[in-house]
1. Quick one: would you say B:H10 is within 12 Å of chain A (Cβ to nearest Cβ) and farther than 23 Å from A:F87 by Cα?
2. Using the structure shown, decide if A:L99 is over 26 Å from B:V4 (Cα atoms) and of a type outside the set (G, A, S).
3. What tally of residues in segment B:78-112 results from selecting those that are closer than 30 Å to A:S47 by Cβ, touching a residue at least 40 places away in the same chain (Cβ under 8 Å) and among the hydroxyl-bearing types (S, T, Y)?
4. Can you list the strands (runs of 3 or more DSSP E) found entirely within segment A:16-111 that contain at least 3 residues being under 15 Å from the mean Cα position of the chain (by Cα), at pLDDT 95 or above and surrounded by 16 or more Cβ atoms within 10 Å (Cβ to Cβ)?
5. Residues in segment A:1-15 that are outside any strand (DSSP E or B) and at pLDDT below 95: how many?
6. Check whether at least one residue in segment B:64-77 is without any contact (Cβ under 8 Å) to a residue 40 or more places away in the chain and either of a type in the set (A, V, I, L, M) or under 30 Å from A:P7 (Cα atoms) (or both), and report yes or no.
Amino acid sequence: GQSLEQPSEVTAVEGAIVQINCTYQTSGFYGLSWYQQHDGGAPTFLSYNALDGLEETGRFSSFLSRSDSYGYLLLQELQMKDSASYFCAAMIYNQGGKLIFGQGTELSVKP
Amino acid sequence: AAGVIQSPRHLIKEKRETATLKCYPIPRHDTVYWYQQGPGQDPQFLISFYEKMQSDKGSIPDRFSAQQFSDYHSELNMSSLELGDSALYFCASSLGGSSYEQYFGPGTRLTVT
């Protein structure tokens, strides 16, 4: 089956750096996306890695290693508003493309 | 900028009733995806459409059906509702058939009593 594993929760303080890891076991893997979701809200796209290496988008960076079936999301200069759930999602391409989500990591940013 | 529109935002139904959820993608987006998210869970892919044709199918019960219309809006029809169908249903849209960057709507919260 298709599965992605990430920690269920992470706590950090304002201004700090936090890394959320994701390991995956999938077939038809195309790339790894990251989404942010605030309580009761819609998931919002953050970043995507199709190739190995680091992608940087402002305070957020994402990394992928296909050989290790592993990726991470790095959040820098944490702000209170970053408290949310973060999902890694594998882009799977069989007939059409679809996202398979991990269980989500709840990030709590403390003052 | 225009976003994905879903209606209704909230829906309460009884067991064995039917429900229809609507999704209006971002203008010019040709691909629609449906997800179901239970409390404290991740979004589960149900089904997707590209250019009005079904492109992929996930864990969608046989009681559910969906289609994409000529104006690219999509509807998810749910019959013989069960208590376990209570969830947030998200529609997402993208351009180009299959995309890692999907734009999610605000969701429809379905409660089955």
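The values are calculated or read from the model by the stated rules, or taken from the named source; none is laboratory data. Given the structure is predicted, the values throughout are model-derived calculations rather than measurements. So basically every Cβ, Gly included, is an ideal-geometry build from the backbone, and we count neighbours across all protein chains shown.
1. For B:H10, the condition - within 12 Å of chain A (Cβ to nearest Cβ) and farther than 23 Å from A:F87 by Cα - is met.
2. No: the conditions fail for A:L99.
3. Qualifying residue count for the region: 7.
4. A:18-25, A:29-37, A:60-65, A:70-75, A:84-93, A:105-110
5. Final tally of qualifying residues: 2.
6. Of the residues in segment B:64-77, the ones without any contact (Cβ under 8 Å) to a residue 40 or more places away in the chain are B:64-71.
Retained after the next criterion (residues that are either of a type in the set (A, V, I, L, M) or under 30 Å from A:P7 (Cα atoms) (or both)): B:66.
Yes - at least one qualifying residue is present in segment B:64-77.
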